[in-house]
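The values are calculated or read from the model by the stated rules, or taken from the named source; none is laboratory data. Not measured: the values here are computed from a predicted model. Cβ placement follows ideal geometry from the backbone for every residue including glycine, while neighbour counts extend to all protein chains displayed.
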Amino acid sequence: MRGCPHLCPGAAPVLCGVILPVRGSEGLYMVNGPPSFTESTAFQRDSGKNCKVVAFSKDGSLFAWCNGEKVNLVNVTSAELLCSFDLPKVVCLAFSPKNSVLATWQAYTTAKDGTAGLPNLQLHDVKTGKCLKSFIQKKMQNWCPCWADDESICARNVNNEVHFFENNDFTPGSSSDPPCAAKTLTCCWWVLQVAVYVPGSKGAPSFVRLYQYPSFGGPQSALANKSFFKADKVTMLWNKKATAVLVVASTEVDKTGASYYGEQTLHYIGTDGQSAVVQLPKDGPIYDVVWSPSSVEFCVVYGFMPAKATVFNLKCDPVFDFGTGPRNAAYYSPHGHILVLAGFGNLRGQMEVWDVKNYKLISKPVASDSTYFAWCPDGEHIVTATCAPRLRVSNGYKIWHYTGTLLHSYQVPSNEEMWQVSWQPFPDGVFPAKAVKYQAVPSELPSAEPRPAQAYRPPALRNKPATSSKLHEDEPPQNMKPQSGSSDKPLSKTALKNQRKHEAKKAAKQEAKAEASQEGRQCPAAASAPRGAAPASSGDPELDKKIKNLKKKLKAIEQLKEQAAAGKQLEKNQLEKIQKETALLQELEELELGL
């Protein structure tokens, strides 16, 4: 099957391309990734309309799906069906790291008489198809067990405890004793470290503790501990090297009344015992937090719109501030050398693609109405998609190069829906990192995404120059690192505000000077005339009026040309005005000869 995650056999190893499974009302099928973008003929399309879930193994060599009748498991390389499970109602699938176990989950139901239902979480041996163990797991949240990378340990959330199993032995009594008390857990199994969250009660604070398995002897045996009061729930994010975890603590209600969505704080906890609150210089919600694959920095998107985005180091000091913009998500490339800031959901789908080594903007593509974004494992390509049920119209997907070029676009028929698209995963190191490009790559498509709609202007103002008044003050990107040879700390909020005001005044003066110079070029006689002198008169009021009107029209045309050069999309009547410029200039010249 094309798309295998390994080197193809032969004397000269050649890496096969990446594939994308597409799930929707048209069925389940595989699409070959760049550069072909064709449907894979090796994978037989499952044309049923009830495919509920799909899953790849961690290395991309195995693929499983539930089509509403059974769960099927295939070898991606050979397209061979390995086994099937008679589980028509499965809605969640996951593989263990070394492909030994396939976990399935279906909604928990009780009997009609109110007695306990059947176990709904099942662990299957991938080689034999045998069910190793079944559990009752009522909630979908945190349904899946966590395995160590070598599968030597498996952890599972059970009520307010975490149970541990060794070497995939799930027989009764095999779990570790005593269990670890926790409401929520995240495991980073690089060095068998576990982060657990316990909510506060009766005036006691909530806390997150880091442990190293199997030492769970209480606070004294924890690697690190962080407590806080404002936390109805938390999201915990380990970095790739397992040296630190970021905790987003959220409350459902903001008691200050500043936010409808509650209150959020961001905390850093290191395995060396260090912890800190990440100071975010703009009030408002935290939209996204993401670690760089390098594990030495992280990006946060936060604040009332237009939102800020800032990269922090492991000391929680700001490294680079991307300023403000319409964004609510951040995505590092698999190699960590490129960062995409995007505004999806209720925003227009604008993306900013940044070279994070040099903090230089690469491109600004627009993927309107996108509900999904993902980097290809090659670090070169991106997929964006509009999926149901989030949006039920214009469903489809687009594949981009990070330089902003749209390479492929597919939209399902109007009477169909697309529910999911994703990249086949690959092991680390299969795709080497490449130098960042700034020039857009070529595409066979005639054009890319249309420009975002311009802000509405009343008819009376449409032929007049745009004013600089704004609802908010935009903040430009800025390097937060001290300059070489200088020990200065990053500027304070007040200093930054004053600096922006100074730069805005300077820019306004330069703009006014440029406008005056432009007017002088349009009318040299007026530019050279003494200040306060009246324009030359023909003595004929009607002729003077015609000349004045012609100059006014020519000035408006010049402004339209400047707007077009700046990238603004002009309306049909505005383009027609520009086409009349030559005739108006000739008419003006003839009238002025009569003065």
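Which members of segment 76-107 meet the condition of being in a loop (DSSP other than H, G, I, E, B) and modelled with pLDDT under 90? Give the steps one after another, and end with the answer.
Our first condition is that a residue be in a loop (DSSP other than H, G, I, E, B); within segment 76-107, this holds for 76-79, 86-89, 96-100, 107.
Hits for segment 76-107 are Thr77, Ser78, Ala79.
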For segment 311-333, indicate whether the set of residues that are of a type in the set (Gly, Ala, Ser), buried (at least 16 other Cβ atoms within 10 Å of the Cβ), not in a strand (DSSP E or B) and not assigned by TED's automatic domain parsing to the domain that holds Lys233 is non-empty.
yes
For Ser368, the lone unmet condition from (1) of a type outside the set (D, E, K, R); (2) within 24 Å of Glu297 (Cβ to Cβ); (3) assigned to a loop (DSSP other than H, G, I, E, B) is (2)
Of the residues that sit in segment 297-306 and are at pLDDT 95 or above and not aromatic (Phe, Trp, Tyr), which one is farthest from Val234 (Cα to Cα)?
Glu297
Within segment 108-137, of all residues that are surrounded by 15 or more Cβ atoms within 10 Å (Cβ to Cβ) and in a loop (DSSP other than H, G, I, E, B), the one nearest to the chain's Cα centre (by Cα) is Gln137
Helices (runs of 4 or more DSSP H) lying entirely in segment 498-595 (those with 1 or more residues that are at pLDDT 60 or above and small (Gly, Ala, Ser))
541-565, 581-593
Among the numbered criteria (1) more than 28 Å from the chain's Cα centre (by Cα); (2) buried (at least 16 other Cβ atoms within 10 Å of the Cβ), which single criterion is violated by Arg45?
(2)
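Would you confirm whether any residue within segment 335-350 is among the hydrophobic types (A, V, I, L, M, F, W, C), part of a strand (DSSP E or B) and surrounded by fewer than 21 Cβ atoms within 10 Å (Cβ to Cβ)? Break it down into steps so the answer makes sense when it comes.
Let us first name the residues in segment 335-350 that are among the hydrophobic types (A, V, I, L, M, F, W, C), namely 338-342, 344, 347.
Those left that are additionally part of a strand (DSSP E or B): 338-342.
Next, from what is left, pick out any that are surrounded by fewer than 21 Cβ atoms within 10 Å (Cβ to Cβ): none.
No, segment 335-350 contains no residue that is among the hydrophobic types (A, V, I, L, M, F, W, C), part of a strand (DSSP E or B) and surrounded by fewer than 21 Cβ atoms within 10 Å (Cβ to Cβ).
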Out of everything in segment 422-445 that is of a type in the set (Val, Ile, Thr) and at pLDDT 90 or above, what residue ends up being surrounded by the fewest Cβ atoms within 10 Å (Cβ to Cβ)?
Val430
